[in-house]
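Enquirer: Pasting in a structure now, in structure tokens, and then I'll have a few things to ask.
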Amino acid sequence: MEKTANPITLQVEFTTDTKGQPSNVAFLTTWLCDHLMKDPRKEMFVLEGSVRPGVLVLINDADWELEGEEKYELQSGDEIVFVSTLHGG
Amino acid sequence: MDDLTEASNHIHTLRAQIAATETQLGTLKLQLQQAEHPSLPPTTEPLSPPQTGIPAEWTNATLPALQENVQRDIAQRLRQERGLEDAPTIQAASQRRRWPLATHEYSRYGRQLIMPEIGLRGQLHLKNARVLIVGLGGLGCPAAAYLAGAGVGTLGLVDGDTVEESNLHRQLAHATARVGWNKAESAKAYLSSLNGNVRYDVYKCHLRPESAVEYFGDYDVVLDCTDHPTSRYLISDACVLAGKPLVSASALKTEGQLIVLNNPPAPPGDATGGPCYRCIFPKPPPAASVLSCGEGGILGPVVGVMGVLQALEAIKIITAAKPMATDDPVKPTMLMFSAYSNPQFRSVRMRARRAGCAICSSEATLTAQSLTSGSLDYVAFCGAQASVDIVAPEQRVSATTFSRLPMGDNGVLIDVRDETQFGICALRESVNVPWTGSAERWVQSARDVGVDFEDGRQMFTVCRFGNDSQLAARAITETLPSTINGASAKNVRVKHIEGGFEAWRKEVDPTWPDY
């Protein structure tokens, strides 16, 4: 997991999800929000149950929309990047 | 014997030079033909018997010359073909028209002209191209400079802002002497001295939905060098409606992003076109998450890199050997640059056009009429960032009033700016506790550096503009009582300084750094 605006790189190890949910990107997002995100402004990352507008999710260097978005099942060795859209110029 | 050998060598050398020169001429002629008639297939089949090895179109011109006295004729012919003024005949006049670029243009653009990616054909495309640059800031300045340098025929420059001193570390087309000028005018002054062969159209205004599509219609490529989602959606929409490719870039702090949109620029509903900004970002980000360069900071070379890359992409579009084939699937990519990461560059595959896109799909709900009528409110769509206004009136103090208060044992000033800003300038005896977004964590951080909220002294919070200081003041009043045994909110006395250090500079200390 990597966030390039102030890059934070994490290696996350998942086993099978205990609640029987698939270990997909939606699960990863919720998990990051619940376990790793220290800033209380959760709406800066997740809004209405999904990654908020303005955050690009990249799965192995591809926009997640090419990979099935939050339903994408995580594979071992996958690189998932959350990156803020920039607007300055 | 030696004389004979020497003469023979000389003849051989001359023949080789003639052959080489004629091959080059043939290639140039071919490039010209393709440039003038891009739809025609290149002429490869000689029209007359190919024994000479000379392109057919040159046979008539070169064969008679070869049959004449070689030594006398070559020098004369080469002079004529260079278009020298003293070339004497009508024939020479027609030779001059053979050169599609002016003499000085061959030397000015020679270094890119000799590259196969450009060549004469590409240079002519550049000369005929019209490029519109929206925003002459950190992206627009380098983009405009390289496009002017490359010999783009017409550059449209759109900006309604004026040059400020804080622009100059990165917006290199402007100048200290032109602070206060309109940015498009200032850029034109710089660009004209760089390359006076380019025509510069200056628009001293912000782009408006009512006129954007009409403006864009006059140009071949548009560069989005602006700094806000509002203008980014507008420019993308207008590019789709006007059918123009869009080179879009952005930068903040140490990072940049670049994407070429609506390329090829197929009409709305045509899935073979490149995606637009709305395909990639259908919903705008929350206004609170949008940071400007003034708020977040920007390193000059970072935004410079992105602007230079925009010029590069524009040149690639203009000089493309053939229009993008519509049967090739579009493979859009976004280039991400992160100056302090390794690797610094990352190219990411992006989606094609979105089936339900509001502007470029067959289900589009936005039309040229939506823009020209002014019914589309881009500011409302992206949302304006409300200034923070959360503390009670009795918890506010003006900079002027604060400056007259005795401090020392009577009060504590907590500066909630980040450490870097605190390091630039700070008030004596103030304590730096950067605001991080979490009330609990901030209160704890303050305690960790020795702030005693319970000693009965008056607390003050201050920041750059007076927003975060309110959040910190509220954190103290709302978070603290629950964490102090037996203490009530009334025992905690906190005020924030209205308008922050900006107000401090304006009202109290004009020497306070205006960074």
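What follows is calculated from the coordinates using simple rules that are stated; it is not laboratory data. Not measured: the values here are computed from a predicted model. Glycine also receives a Cβ, built like all others from the backbone with ideal geometry; neighbour counts cover every protein chain displayed.
Enquirer: Taking R0 as 60 Å, what FRET efficiency do you get between A:Thr9 and B:Ala189 from their Cβ-Cβ distance, rounded to the nearest 0.05? Could you put the intermediate results ahead of the total?
Expert: Values: r = 45 Å, r/R0 = 0.76.
Approximately 0.85, to the nearest 0.05.
Enquirer: Describe numerically, in nm with one decimal, the distance between label points set 7 Å from Cα along Cα→Cβ at A:Glu69 and at B:Lys283.
Expert: Result for the modelled spin labels: 1.0 nm.
Enquirer: Among B:Tyr106, B:Tyr378, which comes first, then next, by fewest other beta-carbon atoms within 10 Å?
Expert: The fewest-first ordering by Cβ neighbours comes to B:Tyr106, B:Tyr378.
Enquirer: Return the single residue from A:Ser50, A:Ser76, A:Ser23 with maximal mean-square fluctuation; model: Gaussian network over chain A, springs between Cα atoms under 10 Å.
Expert: A:Ser76
Enquirer: Return B:Lys506, A:Lys38, B:Lys183 ranked ascending by Cβ neighbour count within 10 Å, so the fewest neighbours appear first.
Expert: The order, fewest Cβ neighbours first, is A:Lys38, B:Lys506, B:Lys183.
Enquirer: Could you check the spin-label model distance between B:Asp452 and B:Ala380? Points 7 Å from the Cα along Cα→Cβ, value in nm.
Expert: 5.6
Enquirer: Multiply the residue separation of B:Ser373 and B:Cys205 by 0.36 nm, subtract the distance between their alpha-carbon atoms, and state the gained length in nm to one decimal.
Expert: On the way: separation 168, 0.36 × 168 = 60.48 nm, distance 1.87 nm.
Here the answer is 58.6 nm.
Enquirer: Check cross-link reach from B:Lys316 to the aspartates and glutamates: straight Cα distance under 18 Å, and skip same-chain residues fewer than eight apart.
Expert: B:Glu117, B:Asp220, B:Asp224, B:Asp328
Enquirer: How far is it, in nm, from the label point at B:Glu117 to the one at B:Glu36 when both lie 7 Å from their Cα along the line to the Cβ?
Expert: Placing both labels 7 Å along Cα→Cβ, they lie 2.8 nm apart.
Enquirer: Specify the longest stretch of chain A that does not include any exposed loop site, a site being one of the GluC sites (Glu not before Pro) with a non-H, G, I, E, B DSSP assignment and at most 12 other Cβ atoms within 10 Å.
Expert: On the way: sites that count: A:Glu13, A:Glu48, A:Glu79.
It runs A:14-47.
Enquirer: Next up: How high is the FRET efficiency from B:Leu28 to B:Asn197, r the C-beta distance, R0 22 Å, rounded to 0.05?
Expert: Efficiency for this residue pair is about 0.60.
Enquirer: Starting from the Cα gyration tensor of segment B:393-508, take the square roots of the eigenvalues, sort them a ≥ b ≥ c, and report rounded, prolate or oblate (rounded when a/c is under 1.5, otherwise prolate if a/b is larger than b/c, else oblate). Walk me through the intermediate numbers first.
Expert: Working: a/c = 1.66, a/b = 1.35, b/c = 1.23.
Since a/c reaches 1.5 and a/b is larger than b/c, the shape of segment B:393-508 is classed as prolate.
Enquirer: Between B:Asn128 and B:Ala19, 0.36 nm times their residue separation minus their Cα-Cα distance comes to what?
Expert: Extra length from B:Asn128 to B:Ala19 when fully extended: 36.1 nm.
Enquirer: Provide the gained length on full extension for the span B:Glu363 to B:Ala175, in nm with one decimal, where the gain is 0.36 nm per separating residue minus the Cα-Cα distance.
Expert: Value of the extension gain: 63.0 nm.
Enquirer: Moving on to the next point. What aspartates and glutamates could a cross-link reach from A:Lys38, if we take a straight Cα to Cα line under 16 Å and drop same-chain neighbours fewer than 8 places away?
Expert: Output for A:Lys38: A:Glu2, B:Glu440.
Enquirer: Next up: How many Cβ atoms of partner chains, on average, are near each residue of B:288-294 if near means within 10 Å of its Cβ?
Expert: Details: counts 3, 12, 6, 5, 3, 4, 1.
That works out to 5 on average.
Enquirer: Return a whole-number percent for the relative contact order of segment B:393-508, with Cα pairs under 8 Å and 6 or more residues apart as the contact set.
Expert: Numbers: 190 pairs, mean separation 39.7, N = 116.
Taking the mean separation of contacting Cα pairs over the length of segment B:393-508, I get 34 percent.
Enquirer: For a quick check: sort B:Val305, B:Val131, B:Val221 by the number of other beta carbons within 10 angstrom, fewest at the front.
Expert: Least to most surrounded, the residues fall as B:Val305, B:Val221, B:Val131.
Enquirer: Could you calculate, for segment B:237-308, the ratio of the Cα radius of gyration to the Kirkwood radius, expressed as Rg to Rh?
Expert: So for segment B:237-308, dividing Rg by the Kirkwood Rh gives 1.05.
Enquirer: Also: Are there GluC sites (Glu not before Pro) in segment B:294-376 that DSSP marks as loop and that have at most 15 other Cβ atoms within 10 Å, and which are they?
Expert: Answer by residue number: B:Glu363.
Enquirer: Please compute the average number of Cβ atoms from other chains found within 10 Å of each residue's Cβ in peptide B:345-352.
Expert: Counting Cβ atoms of other protein chains within 10 Å of each residue's Cβ and averaging gives 5.
Enquirer: GluC sites (Glu not before Pro), restricted to segment B:376-448: which are DSSP loop and have at most 16 other Cβ atoms within 10 Å? Mind showing how you got there, number by number?
Expert: Working: sites: B:Glu394, B:Glu419, B:Glu429, B:Glu440; in loops: B:Glu429.
Passing sites in segment B:376-448 are B:Glu429.
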